[in-house]
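Scroll down for the structure; my scribbles are underneath it.
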Amino acid sequence: MGPPTNREVIPSQERRNREVCDWVIRAQRGDRAAREKLLREYLPFVLKVAASASRRYVKIGEDEEVSIALCAFDEAISDFRAGERASFLTFAEMVIRRRLIDHFRRTARRRREIPMAGLTTENEDETESNRVVFLAEVRDAMRNYTQQLEARERREEILRFKERLAEFDIRFDDLVKDAPKHSDTRLRSMGIASLVSNRPEYRSYLLKRRSLPLKDLENEAGVSRKTLERHRKYIIAIALILIGEFTYLREYIKLE
């Protein structure tokens, strides 16, 4: 069988572009597994672009350019718009190069060029030991990047929660003062917050009036109004976490 014709190659490339675009769209909709899949599968691509822009070999875990390139690739996932003329990988390469150029301009560092051949993981002369080392470095880089991404997402989530609390005239300092000191009281307050978040009429009351339906909760939960008022801000804060998209803060509640 002869080499594929242009008619065979082009549809195959288009199909591949569509598949990548589908994964990007899933990642943009909040699918962490899709985002991590893109980052994992296209790490060699990210490294090659970083090396090309740096004009030298870049090493995972040692060169800052790798982290910048990974962050730029993640940024490209979030910013790409399906339907535009450029494919996702073309767009991602442009974003990576721009971020690295900005980095070079800021640091104005000169580095020794190293051949790009070292990036290739399927070189016939490459030993099994080198492949193992490379894969281990890739895993370490993905682990470090995932940890950095998670830390950033946690910070952003806390800032969003802080803004949400402000709408209810609550500050973090208030929660420290208002939080129940005893574990049984704290768990009871969390149970009340769960009740508020799950009951449509209570949830609507909270979001519209920025307050708790104290009388109804007093009757249903069997807790005195004094106790409800004492821990009002804490209960509201937990209810808002359960109602809103606060994934990491919800983990804290589960631990409790």
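Derivation of every value follows stated rules applied to the coordinates shown; laboratory data play no part. This one's a predicted model, so the numbers in the text were calculated from it and none came from an experiment. No Cβ is skipped: glycine too gets one built from the backbone with ideal geometry, and neighbour counts run over all protein chains shown.
If R0 equals 22 Å, the separation of the Cβ atoms of Leu159 and Arg230 corresponds to a calculated FRET efficiency of about 0.20.
Placing pseudo-labels 7 Å out from each Cα toward the beta carbon at Gln148 and Phe104 gives an inter-label distance of 1.9 nm. Straight-line cross-link partners of Lys59 among the lysines, defined as a Cα under 24 Å from its Cα and at least 8 positions apart when in the same chain: Lys37, Lys48. Within the same chain, lysines fewer than 8 places from Lys226 are excluded, and of the rest, those with a Cα less than 29 Å from its Cα are Lys162, Lys177, Lys181, Lys208, Lys215, Lys254.
Considering the convex hull of the alpha carbon atoms of region 160-255, report its projected area averaged over all viewing directions, in nm², one decimal.
Details: hull surface 22.9 nm².
For region 160-255, the mean projected area of the Cα convex hull comes to 5.7 nm².
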